[in-house]
Each structure stands twice: as structure tokens, then as C-alpha cells.
Amino acid sequence: MSARTVLSSDDIDRAVTRIAHEILEANTALQKSGAKNLVLLGIPTRGVLLAERIAKVIARAEPDVKPEDLLGRLDITMYRDDLASNPTRPVTQTLIPSQGIDDKVVVLVDDVLFSGRTIRAALDALNDFGRPRAVKLAVLVDRGHRELPIRADFVGKNLPTSREERINVQLNETDDQNAVVIE
Amino acid sequence: MTKHLLSAGDLSREQAIEILDIAEGMSNVNDREIKKLPTLRGKTVVNLFFEDSTRTRISFEVAEKRLSADVINFSAKGSSVSKGESLKDTAQTLEAIGADAVVIRHSASGAANVLAHSNWIQGSIINAGDGTHEHPTQALLDAFTMRKRIHGAQSPGKALDGVKVAIVGDILHSRVARSNQLLLSTLGAEVHFVAPPTLLPQNASGFKAALHYNLDEMLATEKPDVVMMLRLQAERMNASYFPTEREYARIWGFNAGRLGALKDSAIVMHPGPMNRGLEIDAVTADSPRSTVLEQVTNGVSIRMAVLYSLLSGERSADV
Amino acid sequence: MSKQILLKNAQLASGEVTDILVAGDRIVEVATAITAPSETEVLDCTGLVALPGFVDLHTHLREPGFEQSETVLTGTQAAAMGGYTAVHAMANTMPVADTAGVVEQIAGLGIEAGYADVYPIGAVTVGLEGKQMAELGAMANSKAKVRVFSDDGKCVHDPVLMRRALEYVKAFGGVIAQHAQDPRLTEGAQMNEGKVSAELGLTGWPSVAEESIIARDVLLAEHVDSRVHICHLSTRGSVEIVKWAKARGIRVTAEVTPHHLILDDELVRSYDAVYKVNPPLRTQDDVLALREALIDGTIDIIGTDHAPHPIEAKDCEWNAAAFGMLGLETAASIAQLVLIESGKSDWNRLVEVLATKPAQIAGDAENGQPIAVGSIANITVIDPKANRTVVAESASRSINNPYVGMQLPGRVIHTIYRGYQTVKNGELASRGRGRND
């Protein structure tokens, strides 16, 4: 199958930077403060890496903010609805920043938004950790084909795809390069 | 993963490490305020106990409930063909009810195997102790406890390579010892059995463990990282396996003196319930070296991990 | 009178190929190219082996008392299918065969069934309880003419009682068949004690529990100058003790079961109770020792220990299951495997272990006779080249057969019992031999 790069390394950096600033703006509008009461929860594996990148951009814009104060990760394996039909998935750690999530604005971060089932599971998982003031969703790529009424608040790029295509997000923390590839 | 967990020997090194790693995730759940996952929602798990064991039953029950399974406790004590309900009838009843998994504790060795290989029941079978044969979830929680003490936060992905484990007591009748020697050797640990000759099998050549009669000598020469004391069952005490309980405690019991002979990092384990003053003295049981309560806590995480592993994933391989 | 039967071109144990003419209950002619007289059933036995009808010294027919497992009728039908013309029915029925009345009843049921001679074995002690000697003399003098006595299923453990029984049966030429098992050494025993039992956590049945009793009993037999027969010998050590005793001139005979000749304790790893038997399946080393001993004559006979059990006694956890397995319909195949297919022995030896010797030990004058003019017409015809996969369906009422699915050599084609064909072309006769056959 032929592979086609749809986002280059620079494209990804620009998208991350834009999402970070949009999050700050939206949070200012909501809470009168850029990074106050803000929590970024990455969904493993690449959502966690993207959340880290977003947090770094925010920290640059707001010098009194440290990335680790904002950052967490949310493993949703145990909340999936396809348990019996898929191979056992390894469970990874969930980390909530020390400020907790109660009354915070939580931004879930994932690489690709597709059916919406992962985000549905993430919302369920979030329930068990506390009661945020609001939950937002940031994704690098929205490829359509939603199966649930879920929509992203911050999108790096909308990519119309066919159902058979595979979107492969590569980040240099885990892969050889930064790129989004369609196969 | 396979469909059933009957023997600790069924697990490959990779599978065993995977269960331990999943249990790490589960232990985080057990530390948070809402200790519940929706994972097994709509699944029915039956705890089928032909033998009293409140501790094991409660541990499984908590694990099942934290995974949101529907839990049915079926106590069929004293049951056998001669005394009313047979294993077969019980199993077929559970099948008719629609059990997705059966956790079985039985006084007969091999009862879990018989249940799994009969066509009486389709669900997953988890061996929660069969006679004097095996108790695989106990071995897993023991391995988990050792790994956590040795590797701490670096535990995930690790095995127990090079760890020296001494298991002391009634090896002959111990399902804990049998499961542990299988699992620990799979994970790369070196297992030593210490017991009076009457409480070792007449032919232990199939065991993946070195045999010792003398506890002090073993402690001195092997310098184990882990000492696991086995419970001495009351019914052994008057069957000429050893002269008196006092003599047993003196020669094979763990006490403050032997605790002092251990290296600083070594831990002392016990599957519980303890006979204080017999196989283990109070000083040892209450020392920071003792992992008895951690084992209980870890038992829940391990059983959650086992239930998750067996009830998720592709079935085609083992159906 | 039954009609005559002519077996054409049958090979005898000696290798000689001949015709055999049966008239009434006797063999009347053995010669090449016999012309069939009128009213003669001719059986083409080309390529088949004709042997004296087999005699089982160790059968559990279960009747009276356990008819859900087997009856004298179904048990002797299974015997006929296995090539047997005589069986010895063990005494552990309900009521126990410990009085003249019970043994006569069992003998009568055998005659009524008509598929094989049924010789009841009398209990050595009342109720098999090992406490008080049963009325051995009354059973010997009854119409059943009991000569073999055994508490099989239990050991005559009390050395004084064993000594007295060995002495007492000398009065009427009897023999004590001992089930050698020290009861204290085998409390709660589930399988052979060894490597496998240690791993499976099943209580062991140590070899020494058998060997110590055999050693004691051969010495007792020597001391009182009597005969002792060792049932289902199962260990290498037992073989060595019997060999020693025979060399010393002690009158001991020994029996091995078919299952101890080919199955070992590794099978127990399945926890499938079909492999639960007493004495237990031993190690491969024991199996090899038993085979050698059967070939060299240390072990005298094969006794099936055919032990039927209902499904519920086997379809359960190992500890709850009953001891015992079927054997009558597969014994000849296993004998052929061990003696003939191995290339280590011959058909003459097979005839000894399955027919001549068991009859001789039990004193059955009318069984185990050679294929010769004047002999009672008990003849088994085997197709030695057949290769069969054992199936669960059988003439027995029970299905606790450990060989199901196994490939075994040889098949019983015809069984002629006192001139009456109980098995013809591998099919069981629809009725047994009657008074007029």
C-alpha cells in the first residue's frame, strides 16, 4: 500500500503551537486566567507525548507555569467497550497532576480522533478520578467517521479519509521522525 | 492469554510478566478514591468454593467487584459424589446460569483441571487452590510482592532473575510451594525448599527447586533474598510427620534469631493465616521485613489482573 | 447336540496350519484337509490363529449387588468378545461371596448366561473385613467347587490370618490369591508415589506397600508349604521378590494386568479418572520390568482385573472416582503387543499366560486344554494382522475403558465355548450356550 505524508514535522510543530495558544485563549475566556486551573491529560501512547509538547508551549507563554503542574496521563484500557473481541491490551499507568482534577478545566489530548470510542472511554475514566469544571478535547488529526456524538475543541488538522485508510502519527519520541502518514 | 488459569506452569515468562504489569495498573486503581473499573460489566463470575477459605474468597470477590463483574458466591462445602451434589452437577448448574468465569477452590487435587477439560462448562476456570496441587494466583501475588520489594517503582517489565527464594515448611502438602516453584523458576528466580524429610515428597525430582533439610545451614550458605514460611496445617500435627510442635518450631520455624541471620535486604513472606509461635514468631511476623499484609493487598491487584487477562482478548486459540 | 464346526486352515500356536473339527463340546479331529461332514458350519480360518479359549483368573462381574456396572451375563459376554471361555469372578460383590450360598448363586448365573464358564472366587475373610476366616471349606465343597480364595480389593493384611488361610486351603488343594497392599502405607492413596504424584499433589501409593506384603507372603507360603498367588503385581521390586522366591522353590505364582503392561503414571497428569486403578499405574521402568517378567516366566499369567464402574464413578474429580478399568475385550491384543509384536516371545507363551497357566493355578481341569483330539472345544480364533482402534462401545455394561482411541493389534474373530460359537466373525451370539447346545 502506498504511504502519503500529510503533515510534515514543521506542520506538526505549528499545529501543536496553535492548539496550545487556543487552549490558553479558551481558558482565559472561561476562567480569566491562561493556565490557571488547567490540566492536560494525554491518552497513551502518542496523546501523552502531544500533551507534553503542548504543555511546553504553554510554559513558554506563561513563565510562572511549570509543565509538570499541568500534565497527566489517562490510561483508558480498562474502560474500553471492546474487551472480549480484542487481544488483551497492556495496562499503563494513570497519572493525575498533584492539583487533582476537581473543578479544573481538563483537556484530553489524543493523536487521532476517529470513532470517538476512545474519548467515550476517557470520559468514563475521568469520572472515577473526580469532577472537572469542564472537559475539552484536543487532537492532532480529526479523520471523521464518528460513531458517537463527540467533537474536538482543538484540532491540528481535519483530514477527510476513507474508512479503510490508516492514519499513522509518528512522533520522534517513539518513532524515527515527526510526520502524519496515510496508508 | 489462555482461557483458563489452572497451573502456574501454564504461564510463559512473557505472560507472567504481563500479568504482573497489569497488576501494577490495578494496584494504582486500588489506591484511588473510586476503586472501581467498568471492565467486566455484564460478566458473571462465580466463586465456587468446595472448601472453606474466607481469605481467598474475599480477595477474589473484591477483585471481581472492583472490575464491575456480577459476583455469585457458591459455597458447596463437603460436597462430593458420596455426599450429595457432585462437581459435575454443580458445574452444569453454573453453566445453565451463564457463568463467564468460575473461580474454584476444591479439596481434591486436579478439580480445576477436571472442570476445565470436561464439557460441563464453557467459561474460564481459575484455580483458587486444588487440594495439595496448585494455587497459581497465590504464586503470582507472591512474585508481585517480591518484585515490588526488590524493584520498587521500576518493577514493570521486570522478572525475578537471580533472586534466591527459600520456601520453608510442609512442602509435601503445599499447593503454594508447588505453584511458586513453577512460576518463580519461569521468572528466573532460584528456589530452595527447606523441610523435614517427612514433609518433602518421596521423589521430588520433578520440582524446579533445590532441597534442604537444615534451615540454618541453608540460610548461611544460600543467603536467600526471600524466605517464605508455609503454614503448618493442624492435621499434620498428630500424624507422625514430626515429634512435637515445639521441636518443629525450634528446627524449622522462623524466629528473631534467624531473622538476624538474614541479609539486610531480605524479606520474610507468609501466605497466611499464620500460626504465630509455630512456623513464624511474632517478632518476625511484625517486623518491617515481613510482607504478610502487602501480600493480602497485592492479592486483590493480581486477581484483578488475572480476571482481566482471561476474560479479554482473543478466544480462538483455546476454545 | 450342537451342529459340527469345521475350522479350515487355522494356524496353531506352534505355527502348524491345520483343520479342526468340533462335534458336540469336543474337538474330534485335528488334521489337514478334513472334508466337512454334512450339517457342518465351516469357518475359513486362513491367516487366522486358533488358540485354546482364554481363562481369566481375575474378573469383577459385579453381580450380585452392583448390576448397574456389570452382570454375570454382560461380563461373560465381554469375556467372549475378548476370546475368553472361562472367568473367575472376584468375591467383592454385595453380598460378598463368602458363603456357599452366594458362590453357588454366581456359578448358577454363569451357567444360565452361557457365554463362558464362571468360577466364583471365595472371600478369604467374612465380608472381606480381614478379621475372621470365611467358610472356605463350605465353599470348596459346594456345587461351585471353589478353589481360589481372595479378598481382592483388600489385602489379607493380618499375618496370622494369612498364615492360617494358606494352611487351611491345603486341605482341598486351594490357593490364596493375595491383593498385596499394606493398608497403613496406602491410606488415602490415589496414584503411584513418585515424581508424578509429587508434582500433581496426589497422595502416593508406594511400591513398598505392595512389595513388603509379597515378601511376607512368599515367606509364609514357604513356612507352611502352601501355594500363594499374587494378584496384579505392578512393580519392578515385586518382580524381583517373586523371582527370588521361585528360585528358592517357593510355590508362588504371579499375575500382571494388561494395563500395567502398557500404561504408566504419566497418564494421570490429565486427572482423567479413567486411569485411576488399584494398584496404580506405575512408572515406565516398572512397565518394562513387568514385560520382561511376563516373557521370562517370572510372571505366570495375565489377569485382566476387569473392573467395570458406572459413568458417575469416573466422571468426577480424581479423589472421588472409583478405582478400576475394563480389560476383558483388550487383554489378548495387549498380550499380542507385548509378546508377539515385540518380537521377544511367541504364541506358545501367549497361550500359557492367557489360557493354560491360569486354568492350572485355579485347578480348572476343563479349561486350558490343548487344541487336540478329545479336548473340550474351547477355542479362540484371532486375526493377528488386524489393527484396530479401540472404541468405547463394548459388550460390557460400563465404559471405563482407558484404551479408547488407542491402536491395538489383533482381533478376536471367533470364540467357541464348549462347542458353541459365542462370537462369530467378531459378532456376539444373540444368546448363550443352552442345555441343548
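The values are calculated or read from the model by the stated rules, or taken from the named source; none is laboratory data. Since the model is a prediction, treat every value here as computed from it, not as a measurement. For neighbour counting, all protein chains shown are included, and Cβ atoms are generated from backbone atoms with ideal geometry for every residue, glycine included.
If we keep just the residues of the range A:93-130 that are of a type in the set (A, V, I, L, M) and more than 14 Å from chain B (Cβ to nearest Cβ), which is farthest from A:R143 (Cα to Cα)? Among those residues, the one meeting the criterion is A:V105. Among residues of the range B:187-203 that are on the phi < 0 side of the Ramachandran plot and within 14 Å of chain C (Cβ to nearest Cβ), those with a beta-carbon under 6 Å from a residue that is in a strand (DSSP E or B) and surrounded by fewer than 21 Cβ atoms within 10 Å (Cβ to Cβ) at least six positions away or on a different chain give the pairs B:F193/B:L211. Within the range B:103-116, residues that are more than 7 Å from chain C (Cβ to nearest Cβ) have Cβ atoms under 8 Å from residues that are aromatic (F, W, Y) in these pairs: B:V103/B:F60; B:I104/B:F49; B:I104/B:F50; B:R105/B:F49; B:R105/B:F50; B:S107/B:F50, counting only partners at least 6 apart in sequence or on another chain.
Okay, residues lined up against (1) under 25 Å from B:P197 (Cα atoms); (2) surrounded by 15 or more Cβ atoms within 10 Å (Cβ to Cβ); (3) touching a residue at least 40 places away in the same chain (Cβ under 8 Å); (4) not assigned by TED's automatic domain parsing to the domain that holds B:G129:
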{"residue": "B:T244", "(1), (2), (3), (4)": "yes, no, no, yes"}
{"residue": "B:G257", "(1), (2), (3), (4)": "yes, no, no, yes"}
{"residue": "B:A261", "(1), (2), (3), (4)": "yes, no, yes, yes"}
{"residue": "B:D264", "(1), (2), (3), (4)": "no, no, no, yes"}
{"residue": "B:N275", "(1), (2), (3), (4)": "yes, yes, yes, yes"}
{"residue": "B:S287", "(1), (2), (3), (4)": "no, no, no, yes"}
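Residues that are free of Cβ contacts under 8 Å to residues at least 60 places away in the same chain, assigned to a helix (DSSP H, G or I) and under 16 Å from C:R236 (Cβ atoms) occur at least once in the range C:201-210. None of B:A63, B:A8, B:A23 is within 24 Å of B:V292 (Cα to Cα), more than 14 Å from chain A (Cβ to nearest Cβ), crowded, with 18+ Cβ neighbours inside 10 Å and touching a residue at least 60 places away in the same chain (Cβ under 8 Å) except B:A8.
Would you mind stating whether B:A143 is buried (at least 23 other Cβ atoms within 10 Å of the Cβ), within 14 Å of chain C (Cβ to nearest Cβ) and in contact (Cβ under 8 Å) with a residue 24 or more places away in the chain?
no
Selection within the range B:98-130: residues that are within 17 Å of B:R57 (Cβ to Cβ) and small (G, A, S). The member of this set that is surrounded by the fewest Cβ atoms within 10 Å (Cβ to Cβ) is B:S107. In the range C:126-163, which residues are in contact with a strand residue (DSSP E or B) (Cβ under 8 Å, 6 or more places away or on another chain) and loosely packed, with under 15 Cβ neighbours inside 10 Å? C:K131, C:Q132 - these are the residues of the range C:126-163 that are in contact with a strand residue (DSSP E or B) (Cβ under 8 Å, 6 or more places away or on another chain) and loosely packed, with under 15 Cβ neighbours inside 10 Å.
Take the residues in the range B:147-162 that are touching a residue at least 40 places away in the same chain (Cβ under 8 Å) and surrounded by fewer than 24 Cβ atoms within 10 Å (Cβ to Cβ); name whichever of them is nearest to the other protein chains (Cβ to nearest Cβ). Of everything passing the filter in the range B:147-162, B:P156 is nearest to the other protein chains (Cβ to nearest Cβ). Once the range A:74-89 is narrowed to residues that are at pLDDT 70 or above and within 7 Å of chain B (Cβ to nearest Cβ), the residue that is nearest to B:Q154 (Cα to Cα) is A:D75.
If you go through the range B:204-232 and keep only what is in contact with a Ser or Thr (Cβ under 9 Å, 6 or more places away or on another chain), touching a residue at least 60 places away in the same chain (Cβ under 8 Å) and assigned to a loop (DSSP other than H, G, I, E, B), you end up with B:D225, B:L230, B:R231.
The rows are residues; the columns are (1) in a loop (DSSP other than H, G, I, E, B); (2) in contact with a Leu (Cβ under 8 Å, 6 or more places away or on another chain); (3) farther than 23 Å from B:G162 by Cβ.
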site	(1), (2), (3)
B:N238	yes, no, yes
B:Y248	no, yes, yes
B:G257	no, no, yes
B:N298	no, yes, no
B:I302	no, yes, no
B:A305	no, yes, yes
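When the residues of the range B:32-60 are filtered to those that are in contact with a Leu (Cβ under 8 Å, 6 or more places away or on another chain) and under 13 Å from B:A99 (Cβ atoms), the one that is surrounded by the fewest Cβ atoms within 10 Å (Cβ to Cβ) is B:K43.
Among the residues making up the range C:274-285, those that are crowded, with 24+ Cβ neighbours inside 10 Å and either within 14 Å of another protein chain (Cβ to nearest Cβ) or not hydrophobic (A, V, I, L, M, F, W, C) (or both) are C:Y275, C:K276, C:P279, C:P280, C:R282.
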